[in-house]
Amino acid sequence: RKVMVWRENQTRGGQWTKIYDYDGHTSSVNSVCFAPHEQGLRLACASADGTISVLTWNGQGDNSWSEVKVANAHQIGSNSVSWAPTPPEGSPSAPARLASGGCDGVVRVWAVGPDGGVTPDEAFDQAFAASPHSGWVRDVAWA
């Protein structure tokens with residue numbers, strides 16, 4: 001139900017400090033994945049409540065976080081999330097992308113804006129609908 005972000009302070013002999021608590025899920029959190037470093041401190045979470053969430057650190061000024069929760073990302077539950085690699089420098093600008101897999105046998109691809117807003121990739125959803133999995137999707141990854 002909860003995601004906790006910890007920071008190691010190496011100047012204090014490897015002491016760990018909890019810097020953030022997110023309790024926006026109503027069931028277990030099944031997967032957490034940090035975004036590529038080019039996006040800053042951002043992570044995605046998949047929960048058994050069927051949602052995914054994107055958590056973005058806003059900076060040191062006020063140490064605040066932006067929280068975006070996608071309701072009904074998957075029926076029954078969400079099992080996994082994975083960020084797409086950042087395109088090489090000089091490539092056309094594209095939003096960050098995230099894949100998720102669920103107990104409903106569905107893989108989804110999401111566009112994630114700079115503000116953390118999450119929208120489904122409708123073209124992928126349509127293409128995937130023609131060949132869904134017959135069981136749970138337990139993990140997703142980018143090649």
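A few remarks follow.
- Ranked from largest, the principal axis spans of the Cα set of segment 1-65 equal 40, 24, 21 Å.
- When only Cα pairs below 8 angstrom with a gap of at least 6 residues are kept, the chain shows a relative contact order of 17 percent.
- Segment 78-143, relative contact order [Cα under 8 Å, separation at least 6], %: 39
- The chain: most fluctuating residue of SER131, SER80, SER47 per GNM, C-alpha cutoff 10 Å: SER131
- Residues of segment 46-79 with amide N under 17 Å of a point placed 7 Å along Cα→Cβ from SER134: none
- Taking the protein heavy atoms of the chain in the context of the full set of protein chains, the accessible area attributed to carbon and sulfur is 50 percent at 1.4 Å.
- Computed on segment 48-106, with alpha-carbon pairs under 8 angstrom and 6+ residues apart, the relative contact order is 34 percent.
- Estimated from helical segments only, the mean residue ellipticity of the chain at 222 nm is -1500 deg cm²/dmol, where each DSSP H run of four or more residues counts as -39500 (n - 2.57).
- Amide H contacts of TRP65 (H built 1.01 Å from N, under 5 Å, at least 5 apart or other chain): ASN58
- Heavy-atom accessible surface of segment 39-119, averaged per residue, reaches 43 Å², computed with a 1.4 Å probe.
- Derived value for the chain: Kirkwood hydrodynamic radius 16.0 Å. Basis is the mean of 1/r over every pair of different alpha-carbon atoms.
- Relative to one another, the C-alpha centroids of segment 75-135 and segment 1-22 are positioned 29 Å apart.
The values are calculated or read from the model by the stated rules, or taken from the named source; none is laboratory data. Quantities reported herein were computed from a predicted structural model and do not represent experimental measurements. When we count neighbours, we look across all protein chains shown, and the Cβ atoms used for this are built from the backbone with ideal geometry, even at glycine. Each accessible area value is taken on the protein alone, full model and side chains, heavy atoms only, with ligands, DNA and RNA left out. Shrake-Rupley method; radii C 1.70, N 1.55, O 1.52, S 1.80 Å.
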